[in-house]
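The values are calculated or read from the model by the stated rules, or taken from the named source; none is laboratory data. From a predicted model like this one, the values you see are computed outputs, not experimental measurements. Cβ placement follows ideal geometry from the backbone for every residue including glycine, while neighbour counts extend to all protein chains displayed.
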Amino acid sequence: MLRTMVVDDETPAREELIYILEKSNKVKVVAQASHGLQVLDLNRKYKPDLIFLDIKMPGISGIEVADKLLKEPHVPYVVFVTAYEEYALDAFEVNAIDYILKPISEERLNKTIERIINRIESGNKDYFHKLGQLIEDINEKENGHSRISVEYHGKLIPIKSEDIIYITVEDKNTVIISTKGNFEVNYTLNQLQNVLNSSSFFRCHKSFIINIDKIESIEPWFNSTYNVILEGQGKKIPVSRSRSKKFKKIMNIL
């Protein structure tokens, strides 16, 4: 039976996950934490086999907690708990690190538990190396070190993420508008969204990704939507209705 810890700053989310886990005869919840600072002490005390770790927590994120756990004498397996739009989930897939999405699917959760049991029984030590690589990849992205190389007149031009103003689709072609110029690229908006720093770039519309650090002004529009004007750009870029709620939260619009 897996000795398990659940970490989430939201009490209802934590209680829901514990409720589902307790229905399994393969898991025993031995500890729970409401913030990341508790985790190291509880890990040393209870030595859980597995931690379900919410990514987005105040003070110290789940990614930071996992990084600290890797330096501990006892390192548990980690399953990250996240919402789809928070992180580029392909990074988890590439590094073969388990995650579950909110709202939690009981079927997905049970499959994850089975996978962890198989890893433990097979003595898969490579898992912790992969976990470290995932943390490194995410930290690099969050620290704004991402860059995209674009082809221009037979050469590759690296564009730093902070130099990108926005990205759009024109005549079915993806175009990066940057301080270095405008470049047509062979990537989709979804692919670029997964590469760029998630704290600076926002998919405001199905046809636009904007650098929120480049926003010069915001104009309220009809049906609770917005238009944004970016630095050095006269063009008004729409924030769609489906994305306006998240946009208001990011920009602290009351």
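Quick look at the numbers
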| item | result |
| --- | --- |
| Test for Glu219: is it within 18 Å of Arg243 (Cβ to Cβ), of a type in the set (Asp, Glu) and loosely packed, with under 15 Cβ neighbours inside 10 Å | yes |
| Region 53-70 - residue that is of a type outside the set (D, E, K, R) and part of a loop (DSSP other than H, G, I, E, B) and, of those, nearest to Glu121 (Cα to Cα) | Leu70 |
| Pair list, Cβ under 6 Å, 6 or more apart: region 216-231 residue on the phi > 0 side of the Ramachandran plot, other residue in a helix (DSSP H, G or I) | Asn223/Arg241; Ser224/Ser244 |
| Qualifying residue in region 53-62 (condition: among the acidic types (Asp, Glu) and buried (at least 22 other Cβ atoms within 10 Å of the Cβ)) | yes |
| One residue from Asn190, Asn223 being over 20 Å from Asn173 (Cβ atoms) and out of contact with any Ser or Thr (no Cβ under 6 Å at 6 or more places or on another chain) | Asn223 |
| Qualifying residue in region 240-254 (condition: assigned to a strand (DSSP E or B), of a type outside the set (Lys, Arg) and over 14 Å from Ile165 (Cβ atoms)) | no |
| Single residue of Leu37, Leu42 found to be aliphatic (A, V, I, L, M), in contact with a helix residue (DSSP H, G or I) (Cβ under 9 Å, 6 or more places away or on another chain) and touching a residue at least 12 places away in the same chain (Cβ under 8 Å) | Leu37 |
| Count - residues of region 1-52 that are in a strand (DSSP E or B) and surrounded by 22 or more Cβ atoms within 10 Å (Cβ to Cβ) | 9 |
| Residues being out of contact with any strand residue (DSSP E or B) (no Cβ under 8 Å at 6 or more places or on another chain), modelled with pLDDT under 90 and not aliphatic (A, V, I, L, M) - total across region 42-71 | 7 |
| Qualifying residue in region 84-105 (condition: more than 22 Å from Leu37 (Cβ to Cβ), modelled with pLDDT under 85, in contact with a strand residue (DSSP E or B) (Cβ under 7 Å, 6 or more places away or on another chain) and loosely packed, with under 13 Cβ neighbours inside 10 Å) | yes |
| Test: residue in region 146-154 that is under 30 Å from Glu72 (Cα atoms) and at pLDDT below 90 | yes |
| Residue within region 131-141 that is more than 16 Å from Ile210 (Cβ to Cβ), exposed (fewer than 13 other Cβ atoms within 10 Å of the Cβ) and among the small types (Gly, Ala, Ser) present | no |
| Residue tally, condition of a type in the set (A, V, I, L, M, F, W, C) and out of contact with any Leu (no Cβ under 7 Å at 6 or more places or on another chain), over region 1-38 | 7 |
| Hey, Ile212 under 17 Å from Lys248 (Cβ atoms) and not acidic (Asp, Glu) or not | yes |
